[in-house]
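Each reported figure results from applying straightforward, stated rules to the coordinates on display, with no laboratory input. In this text the structure is predicted, and so the values were computed from the model without any measurement. Positions of Cβ are generated from backbone atoms using ideal geometry, with glycine treated the same way; all protein chains shown enter the neighbour counts.
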Amino acid sequence: MTIKEEDIAHLKEVDGDKTAISLTKEEFVNRMKEGVKIPSHVQIIFSDVEGSVTLEAVRDMVIPVMEDMEELSDLPVSDLYDVPLGLLRKDNLRCLGKCRFHRESFPERKYWPEEPRIEPKDVRRIDLCRTMLTPEWIRVAISVLFHEYLHALGFGGHNPMFRSLEALWPDEDANGGYPRKIRSHEHRMAFSEARRETLRWLWDSQGIPFSVWKKT
Ligand SMILES: [Zn+2]
C-alpha cells in the first residue's frame, strides 16, 4: 500500500525537492496499522512532538501497531508495556538498542523455536541510543524499539526468521531490515551518516585517531 490520497493533499514543499507531511503520533500509529508506506522523499513532522522525544512516546507508537499484527497475535504483545525502558550510555558507539534479560531467565526459557519461550517478563530493561530521540530521527527510534521488542517476545539472533518479522514494520524507510537491503532504507541510512559525522567530530575534538574510530 502506498501513501493515501488525502495524505498527499497535506504534503507541503520544504527545502526544494523535499516534501513533508505533518502527523500526530496517533495519526502515525493509524497509518502504520493500515500498512501505509511513506515514500523515502517524504519527511514526517510530528505535530505533537517537540524537543527531546520520551521513551514512552516511542513505546506508544510501537506496541499498538504490534497488537494489530496478525503474525504476532499468539504472543503476549501487551505485556511489552511492562518492560522498563532506559538509555544506553552516552559514549556508546555501536549500539542503537539493547534488550537486557534477567540472568536467571535463560536456563529456564529459550529463544524460538525452542519451548518454553522467552517472554517480555524475562526482560530486565530495553535501552535505546539517545541520539535517535529527536523529532528528526524518531522514526528510527520507533523501528529500533520494534526490533528490540521482537527479542523480548523470544526471537533471538538475527536469522532469516527474525529478519522477516522485522520487515513487518511498515515504515520500511526507517527499518533496519536485511543488511543486504540496507540501501532501500534511506531514512535509516541518513541517520547512520549523521550519527557517524557527529561521533567523528566528537572523536576528533578529543584527539582520538580516525584509525581507532574505524575499528568501532
Ligand atoms: Zn537485535
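To the nearest 20 debye, what is the magnitude of the charge dipole of segment 5-215 about its Cα centre, counting +1 on the Cβ of each Lys and Arg and -1 on the Cβ of each Asp and Glu? Around 1420 debye, computed over segment 5-215.
In terms of surrounding Cβ atoms within a 10 Å radius of their Cβ, Ile126, Ile208 rank from fewest to most as Ile208, Ile126.
As an exercise, use a Förster radius of 41 Å and the Cβ-Cβ distance of Asp79 and Thr19 to find the FRET efficiency, rounded to the nearest 0.05. Once rounded, the FRET efficiency stands at 0.60.
As a rough footprinting exposure proxy, the listed residues Asp48, Asp122 were ranked by other beta carbons within 10 Å of their own, and the order from fewest upward is Asp48, Asp122. Counting alpha carbon pairs within less than 8 Å and at least 6 residues apart, what relative contact order, in whole percent, applies to segment 5-215? Result for segment 5-215 is 18 percent. Computed from the C-beta positions of Met189 and Arg103, the FRET efficiency with R₀ = 35 Å rounds to 0.45. The convex hull drawn around the Cα atoms of segment 5-215, when projected onto a plane and averaged over every direction, covers 13.3 nm². Based on the Stokes-Einstein relation at 25 °C and a viscosity of 0.890 mPa s, and on the Kirkwood radius from alpha carbon pairs, segment 49-158 is assigned a translational diffusion coefficient of 171 µm²/s. Among beta bridges from DSSP that stay inside segment 5-215, the antiparallel ones total about 45%. Taking amide H positions as modeled 1.01 Å from N, with prolines and chain starts lacking one, the residues under 5 Å from Thr19 and 5 or more places away or on another chain are Val14, Gln43. Going from the fewest other Cβ atoms within 10 Å to the most, the residues Tyr81, Tyr149, Tyr111 appear in the order Tyr81, Tyr111, Tyr149. Panel note: the C-alpha atoms of segment 22-72, placed on their principal axes, show extents of 34, 27, 15 Å (largest first).
Mean silhouette area of segment 80-142, derived from the convex hull of its C-alpha atoms and averaged over all directions, reads 5.4 nm².
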